[in-house]
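Taken together, the values in this text are just the output of simple stated rules run on the coordinates, not laboratory data. All figures in this text were calculated on a predicted structure; none of them were measured in a lab. For neighbour counting, all protein chains shown are included, and Cβ atoms are generated from backbone atoms with ideal geometry for every residue, glycine included.
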Amino acid sequence: MAKILMVDDDQDLMIVLQSRLEMSGHEIETCSNGGDAYDKITDNDFDLVIMDYFMPSLKGDEVCQNVRENPKYKSLPILIITGFLDRDVAFFKGKGATDVIYKPIDKDELIEKINTLVGT
Amino acid sequence: MFLHRPARHSIYRTLSIGLALLAALGGLSALCGHVFGVEPLRVVFPGGRSSGVGPLSALGLVLLGVGSAALYGESLALRWIGRLCGGIVASVALLVLQAQLTGLGDDTFRELLPGPLGARRTPVNALLNFALLGSAICLIDFPRREIKRLGGSAIATAAWISLLSVVGYMYGVQPMVASGADGAVMAVNEAVLFFAVCVSAVFSRPERGFMKLFTSDSAAGLVMRRLLPTALGVQFLMAYLQARGEEAGIFGREIGPAVLTLGNVAALFVLILWCAWVLFRIEQDRKKTESDLLLAEQKYRTIFDNSAAAITVCDGQERIISWNRFAEDLFGMSKEDLYLRPVSSLYSEEEWRRIRSQNVREKGMQHHLETRIQRKNGQALDIDISITVLKDAQGQITGSIGIIRDITDRKKVEAEQSRLAAIVGASHDAILTIDLKGTILTWNAGAQRIYQYTEREIAGQSVMLLIPPERRVELPSIIERASAGEEISQFETVRVRKDGQPIHVSLSISPVRGIDGTVHTIAVIARDITDRKLVERALMENERQFKSLVSNIPGVLYRCRCDPYWTMEYLSPAIERLCGYQASDFIGNGVRAYSSIIHPDDADMVDGFILKAVRTRQPYSIEYRILHRDGGVRWVYEKGRASYREDGEVLYRDGAIMDVSERRAAQEALLESEERYRSVITTMAEGVVLLNADGQVQAANASAAQILGVAIERMVGERFPESSIRAFEEDGTALDWATFPTRLTLEEGRPVLNRILRLAREDGNDQWVSINTQPIQRPGQTQASAVVMSLHDITQRKLAEQRMAEAVEMKSEFTSIVSHELRTPLSVIKEAVAIVAEGMAGPLNKQQSDFLSTAKRNIDRLARLINDVLDFQKLEAMKIKFRFEKNDLNELVREVAAGFELTTKAKGLTIETRLHAGLEQLSFDRDRITQVLSNLINNAVKFTEKGRILLETRPEGRAVRVCVQDEGGGIKTEDLNKLFKSFSQLSNGSRKTGGTGLGLAISKKIVDAHRGEIGVISDYGRGSTFYFTLPLEQAVEGAHVA
């Protein structure tokens, strides 16, 4: 199963998603703000990063850019969660994300996307 | 032919020199005989008593021969040699003769001579001959006639002496041969040689003296040449034969003379006969020649007399000796005047000198000159004269013949022609000639000045070039009239210059006739009357104005005394029309004074004004009111001046009074009208600015000043309003002032309506204006002479619009953020509920499970609601981009229908399609139309409990209609118009079906963006048919914001 970092300032959402994904057998690490996210990524060896787009301090796209600047993490899959339906996939891919999932989250769609990204 | 053989002097000259040389040779051979002792050379004719030529004689003969031969020479040196030889011979002969005659020193003299020369005595007759011939040779060439004759006589004497010796020898008469006592005789050959020298000397000048006769061509010469030698020769021969015959005893003394005479007679008869015949022939020839000559002369005389030219013949002294009748007429002189008249007297002194200076006589035989002679009456005559100079055989001028033609007329024509050419050249008028086809032949400087073409440019071109297109019809009739010989003068028309400017010209057209009398050329004189036309027009205008003034304004003339009553001395009758009283009323204040009808309010002013003018001796003009008989008031204009006596006292005033009431009324009306408009404009809320043709502000009202934020005084005279105002277009870009309405109107003469601009005023406030402009055009002009600009303040409207746009923007933003913020908790709830419902947090009973699924259903509904609100908001704020692409509508309907199959089946409904085959491809946004169709089907499914749902496509005009027909409950009529509004609630309480209430509103927005229609036909209780249409052609292909 995959080792996943989940970044979100909304603790509630993080808890329900963590429960759902751990039930699917994934190893979940959480991080509540964008500033710490980069350090966590570089300190560990994650298979996937699931990250909210709209966060205080450092926003999702900025974290993405920081990560992508490091050659080691050029191909690290990053799945962005957002409520902005008027921004399409191409917009987030342009910011460095690998894929995007819109709120409210459909659990089946989430699990399918994770499986695709971690290659299981 | 021998009759006419001319005596050739050359033959005689050759004979002369031959005989001279013969004598020289004879002398030389005799000399040689002496020197070398050769007898035959000395003697030549042996026997007899002659002992041959002596040495001295031989030398003398040589010298004489040389001398005679030298005489023949033409050069002076040769002649002097001849004279020298002759002189030496003569002097030596005289010396020897003197010595022999006196007997003194003869021997001494001979001894003086060298060697053999002195060996023998020379006979006296030989000495005499030497002396005669020597001096003759010496003298014969002298110019003086006497000396020449002396020489000739000497030759004749010498010839006689030598002939005596010859005859003596021939007839054997000793005493004739001997001379002197010592018996020295002249040798026979010596005598012959002497004779030869004589002949030679005579013939050396064949053209002179005695020889002239001998060598002449006349009958005398002929007789001399033929008869003399023959007659003398016959005598000699006969006498010789008789003497020799008697001596030999052939015939006796009696027979001899008879035979001789007979022979003489016969010979002479033949000779004379021949001579007579020759003379007869000569005479005949002469007569024939004379008659030929006469004939020729007559012929030439006739030509001479009847010649069309005057002919004069002059002698060598340039005197007139012959002339023809024409010459008399030409010179105006009679025969007496002309005969022997010096040619020079025909000319003026000056002209004669000019002719002389040309050396007419010295130049060749023919000469030709043009000159001028004076007739007898003093009149000058231009002539052309051909002179032939006559010369004789020696080249001496013997006369001249002049053939004279009167060229006065020609000269006049020439002078006239050059005068005409000068006039044409210098003329200010254009003078040109054209042929009958209108081709320009000649072109003067005036034409160049007027029409601006040079002759080179225009010659050969058609005159049409000068005629403006609308006048070209004139030309054929002009040419036709001129061809018929008609002169056209002062034809005023318009022509066009090279630069295209029209010019007014006055044309005079004259036909030019050829020798045959037909018109072949047309002369055109064009005078530029453009200036005159302008002046004429101005004058006409002036006159018209004056006339209308005079006819329209009744003028009254007056003369009055300069007193307070205006006592009239004269007043024209028109006063009656002016004031209703007769003129006679005022004369001498008979009935009333003029001062009494002046309006009381104006009287003082008028009196004061006129008094002042009279005092200052100025003319005056004044307007005032008078009282009409009908009680009305008239305005009059009076103009006049006073006349003064020499001492300065005022005599009277003269002037004219005119009715100007109408003008005053019009002026007042105008003022009133202007005032009215001015007040309207001043008080209106709309800003009004009047600009002149240069774009300068002429006037502006207070509103304009307020709107523009610039005081009226600052605006007036300025070029509006670039100096003080910055302007922007609606989209915020700075205004290009070239497109400012007043500029466009001034340039293009058309009004501009509703131009909206934002003005950044000097006070810092923004001012939105809508500008209208209207050109003011004078009649007949397209260019605006002024422009009126009205400014409508739309700032409030614009601000409201802006606030509205901002509100919409804010609403959209708000909705977007709210919907996003709602999603996060919704996600948490949804996920949490799902985890519990799945039993992951512990087992659930049935009731718990039911409640959780209700919660889950409402969570989904909430999510949809949020989505729809956001979607609708974006459509309303026009933030959605549509992707128009060609799509197959039927295929789309099939796909959407297929997507609903499960749902309908689950509900026990059937879904059918009825699609029109062969629909054109349409341009639409596939996703959005899918959304619309899904929405309609979804509604149909929701509100239909059983039955079928029919999907239909069909073309309808320039569009395609899509229908979704259900068999549900239908919609009440009163609800139909609420359907497509947002959050509409229908009366039957459809909320229970779980819709968001936005589906149809969103669908309407989408269809509207496709320029289609959406609607519903419903039969309450039976079902509804929702439909929408899509047009076949979209205005824009590709993406656009709806």
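A few comments on the model shown:
- Of B:GLY18, B:PHE943, B:MET186, farthest towards positive along the dipole that unit charges on Lys, Arg, Asp, Glu beta carbons give the protein assembly as shown: B:MET186
- The aspartates and glutamates whose alpha-carbon is closer than 15 Å to the alpha-carbon of B:LYS412, local same-chain residues fewer than 8 away aside, are B:GLU370, B:ASP382, B:ASP384.
- Using θ = phi - 60° and Karplus 6.51 cos²θ - 1.76 cosθ + 1.60, couplings along the range B:700-712 (whole Hz; Gly, Pro as x): 8, 9, 5, 4, 4, 4, 5, 5, 7, x, 10, 5, 4
- A straight Cα-to-Cα reach below 18 Å connects A:LYS72 with the lysines A:LYS3, A:LYS40, A:LYS95, residues fewer than 8 places away in its own chain not being considered.
- Residue pairs, from the table B:LYS874/B:LYS905; B:LYS905/B:LYS972; B:LYS376/B:LYS411; B:LYS830/B:LYS905; B:LYS212/B:LYS335, whose Cα atoms sit over 30 Å apart: B:LYS874/B:LYS905; B:LYS212/B:LYS335
- Lys/Arg +1, Asp/Glu -1 at C-beta; the range B:684-792 dipole; positive extreme among B:GLN781, B:ALA704, B:THR745: B:GLN781
- Cβ-Cβ FRET estimate between B:ALA219 and B:GLU39, R0 fixed at 51 Å, reported to 0.05: 0.55
- Kirkwood Rh and Cα Rg combined as Rg/Rh, the range A:53-106: 0.97
- All-pairs Cα distance distribution in the range B:233-278, expressed in whole percent, bin size 10 Å: 29, 44, 20, 7, 0
- Helix B:408-426 axis, angle to chain B major axis (alpha carbon atoms, nearest 10°): 20
- Net length gained if the chain between B:LEU268 and B:HIS916 were fully extended (0.36 nm per residue, minus Cα distance): 216.5 nm
- 0 to 90° range, to nearest 10: angle between helix B:999-1009 axis and chain B longest Cα axis: 10
- Projected onto their three principal axes, the Cα atoms of chain A cover extents of 34, 33, 26 Å, largest first.
- Against the compact-protein benchmark of 2.2 N^0.38 Å, the Cα-based radius of gyration of the protein assembly as shown scales to 2.43.
- Reduced Cα scattering model of chain B, Debye log10 I(q)/I(0), q = 0.06 Å⁻¹: -0.94
- ³J(HN,Hα), Karplus 6.51/-1.76/1.60, whole Hz, each residue of the range B:677-692, x for Gly, Pro: 5, 4, 5, 4, 5, 4, 8, 6, 6, 5, x, 10, 10, 10, 10, 8
- FRET E, pair B:MET684, B:THR782, Förster distance 51 Å, beta-carbon r, rounded to 0.05: 0.95
- Counting every other Cβ atom within 10 Å of each residue's Cβ, B:ARG928, B:ARG645 order from fewest to most as B:ARG645, B:ARG928.
- Straight-line cross-link partners of B:LYS798 among the aspartates and glutamates, defined as a Cα under 15 Å from its Cα and at least 8 positions apart when in the same chain: B:GLU729, B:GLU730, B:ASP731, B:ASP766, B:GLU806.
- Taken about its Cα centre, the protein assembly as shown carries a charge dipole of roughly 6660 debye when the Cβ of each Lys and Arg holds +1 and the Cβ of each Asp and Glu holds -1.
- For the range B:881-1041, the residue among B:THR953, B:TYR1027, B:GLY908 whose Cα projects farthest onto the positive side of the dipole built from Cβ charges is B:GLY908.
- Pairs of alpha carbons in the range B:215-360 whose separation is greater than 26 Å (percent): 60
- Convex hull volume of the Cα atoms of the range B:218-301, normalised per residue: 65 Å³.
- Amide H partners (placed H, <5 Å) of B:THR913, local residues excluded: B:LEU951
- Simple point charges give the picture: +1 on the Cβ of Lys and Arg, -1 on the Cβ of Asp and Glu, and for chain A a dipole about the Cα centre of about 380 debye.
- Across all directions, the shadow cast by the convex hull of the range B:794-879 built on its C-alpha atoms averages 6.7 square nanometres.
- Neighbouring Cβ atoms from other chains, within 10 Å of the Cβ of residues in A:75-85, number 3 on average.
- Its DSSP H runs of at least 4 residues, each contributing -39,500 (n - 2.57), put the calculated 222 nm mean residue ellipticity of chain B at -16000 deg cm²/dmol, to the nearest 500.
- Helix B:124-139 and the longest principal axis of the Cα set of chain B meet at an angle near 20°.
- What the Cβ-Cβ distance of A:ALA90 and B:ARG719 gives, at R0 = 56 Å and to the nearest 0.05, is a FRET efficiency of 0.55.
- Label separation (A:GLN11 vs B:TRP277): 19.2 nm, computed from points 7 Å beyond Cα along the C-beta direction.
- Rounded to the nearest whole Hz, the Karplus-based 3J(HN,Hα) values (6.51 cos²θ - 1.76 cosθ + 1.60, θ = phi - 60°) of the range B:378-395 follow the sequence x, 5, 8, 9, 7, 10, 10, 10, 10, 10, 10, 8, 9, 10, 8, 4, 8, x, with x at glycine and proline.
- Summarised as an ellipsoid, the range B:759-830 has semi-axes of 54, 14, 7 Å, derived from the eigenvalues of the Cα gyration tensor scaled by 5 and square-rooted, with the largest first.
- Kirkwood-based Rg to Rh ratio, the range B:862-932, C-alpha trace: 1.06
- All other residues whose Cβ lies under 15 angstrom from that of B:LEU432 are scored, Lys and Arg at +1 and Asp and Glu at -1, for a net of +2.
- 20 °C / 1.002 mPa s Stokes-Einstein diffusion coefficient of the range B:914-964, Kirkwood radius on C-alpha pairs, µm²/s: 174
- B:ALA393-B:ARG948 pseudo-label distance in nm [points 7 Å out on the Cα-to-Cβ vector]: 15.9
- Difference of contour (0.36 nm per residue) and Cα-Cα distance, B:LYS533 to B:ALA841: 99.2 nm
- In whole percents, the pair-distance distribution calculated for the range B:676-813 from its alpha-carbon pairs, binned every 10 Å from zero, is 12, 40, 32, 11, 4, 1, 0.
- Taking Cα centre as origin and charging only the Cβ of basic (Lys, Arg, +1) and acidic (Asp, Glu, -1) residues, the dipole magnitude of chain B rounds to 3040 debye.
- Residue separation of B:ALA702 and B:ARG676 scaled by 0.36 nm, minus their Cα-Cα distance, works out to 7.8 nm of gained length.
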